[in-house]
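Notes to accompany the following structure.
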Amino acid sequence: MGAPTYELFYWPSIQGRGELVRLALEAAGAPYIDVARLPRQGGGGVAAMLALMNDGAAGALPFAPPFLRVGRLVLAQTANILFYLGPRLGLAPKAEAGRLVANQLQLTIADLVAEAHDTHHPVSPYEYYEDQRNEALRRAAAFGQKRLPKFLGYFERVLDRNGGRWLVGRALSYVDLSAFQVIEGLSYAFPRRMRRLGPSIPKLLALRERVAARPRLAAYLASERRVPFSEEGVFRHYPELDAKR
Ligand SMILES: N[C@@H](CCC(=O)N[C@@H](CS)C(=O)NCC(=O)O)C(=O)O
């Protein structure tokens with residue numbers, strides 16, 4: 001039996017959380033279809049994604065994108081999708097204990113991503129940033145001063161305790177790919193804050209370079225498949241939410 005074709009469903013115009021799944025598929029060179037980016041006429045587009053979310057036949061219904069379809073299986077929740085894909089793509093430790101640690105770290109990354117998102121939408125995801133800007137200023141200050149250093153300091157320690165090269169196990173895993181993406185996103189959104197934090201997270205920054213230099217990843221990052229960061233996604237650059245200097 002050949003490798004299955006994975007169908008990824010995610011908003012076509014942003015990196016968002018879908019990027020964490022996409023990076024794993026790309027790093028492994030796995031065959032996949034980015035369904036919502038295909039033309040509607042060919043059965044793709046956002047319409048195809050929404051149809052699946054509203055489809056009673058989809059099994060465990062996804063609450064929100066990203067989700068992955070493999071044959072009859074439909075899986076949602078980024079960390080859950082990666083927990084499934086990791087061993088199949090050679091991007092997770094072999095032993096169960098290592099896989100659970102990978103999942104634990106991935107769930108912590110999910111917490112960090114959610115907090116980064118809430119800096120620009122602290123009140124409601126249904127209201128414009130401009131209408132919650134005052135709350136965003138307070139939330140972003142608390143995030144930048146306390147939460148961001150705490151999260152990144154934690155991952156730096158995890159990396160250090162694991163030998164300094166990879167976050168879990170003895171080889172690249174999906175957690176390293178997600179850590180790369182989060183550092184990229186945070187550096188886009190909060191360049192001043194991240195420059196200031198840089199000296200305290202040398203191993204994480206080296207991990208980011210190590211991941212970006214992998215041939216498949218480097219090719220992907222330079223390709224049109226990599227959607228650019230923007231003020232529509234999870235990581236947004238609003239200079240007023242960053243450190244002053
Ligand atoms: N915990 C979920 C969060 C999923 C999520 O928030 N997806 C966003 C896009 S990144 C979305 O489309 N949300 C719609 C909604 O929550 O109504 C995960 O990690 O996959």
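The values are calculated or read from the model by the stated rules, or taken from the named source; none is laboratory data. From a predicted model like this one, the values you see are computed outputs, not experimental measurements. Glycine also receives a Cβ, built like all others from the backbone with ideal geometry; neighbour counts cover every protein chain displayed. For the accessible areas, the whole protein counts, side chains as well, though only heavy atoms, and no ligand, DNA or RNA atoms are used. Shrake-Rupley method; radii C 1.70, N 1.55, O 1.52, S 1.80 Å.
Considered as a group, the residues in the stretch 13-37 that are closer than 15 Å to Ile109 by Cα and in contact with a strand residue (DSSP E or B) (Cβ under 9 Å, 6 or more places away or on another chain) include one that is nearest to the ligand (Cβ to nearest atom), and that residue is Gly18. Taken together, Pro62, Pro149, Pro87 contain a single residue that is touching a strand residue (DSSP E or B) at 6+ places or on another chain (Cβ under 8 Å) and not aliphatic (A, V, I, L, M), which is Pro62. When you go through (1) of a type in the set (A, V, I, L, M, F, W, C); (2) farther than 22 Å from Ile109 by Cα; (3) surrounded by 16 or more Cβ atoms within 10 Å (Cβ to Cβ) one by one for Ala3, which number turns out not to apply? In the conditions (1) of a type in the set (A, V, I, L, M, F, W, C); (2) farther than 22 Å from Ile109 by Cα; (3) surrounded by 16 or more Cβ atoms within 10 Å (Cβ to Cβ), Ala3 misses (3) alone. The set of residues from the stretch 200-240 being over 29 Å from Pro122 (Cβ atoms) and open to solvent by 70 Å² or more (accessible area, probe 1.4 Å) comprises Pro202, Lys203, Glu209, Ala213, Arg214, Pro215, Arg216, Ala222, Glu224, Arg225. The C-beta contact set for the stretch 14-27 (first residue at negative phi and open to solvent by less than 10 Å² (accessible area, probe 1.4 Å), second residue within 9 Å of the ligand (Cβ to nearest atom) and part of a helix (DSSP H, G or I), distance under 7 angstrom, 6+ apart or interchain) comprises Val21/Thr78; Val21/Ile81. Those residues that are more than 16 Å from the ligand (Cβ to nearest atom), free of Cβ contacts under 8 Å to residues at least 40 places away in the same chain and aliphatic (A, V, I, L, M), I need them from the stretch 77-98; list them, please. If the condition is that a residue be more than 16 Å from the ligand (Cβ to nearest atom), free of Cβ contacts under 8 Å to residues at least 40 places away in the same chain and aliphatic (A, V, I, L, M), then Ala95, Ala97 are the ones that fit. Under the condition of being touching a helix residue (DSSP H, G or I) at 6+ places or on another chain (Cβ under 6 Å) and touching a residue at least 60 places away in the same chain (Cβ under 8 Å), which residue from the stretch 112-155 is surrounded by the fewest Cβ atoms within 10 Å (Cβ to Cβ)? Filtering first and then ranking leaves Tyr129.
Listed here are the residues, each with its yes/no results for (1) hydroxyl-bearing (Ser, Thr, Tyr); (2) within 12 Å of the ligand (Cβ to nearest atom).
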site	(1), (2)
Leu75	no, yes
Leu100	no, no
Ile109	no, yes
Tyr129	yes, no
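Entry remark, the stretch 187-245: residues being polar (S, T, N, Q), in a loop (DSSP other than H, G, I, E, B) and more than 17 Å from the chain's Cα centre (by Cα) number 1 in total.
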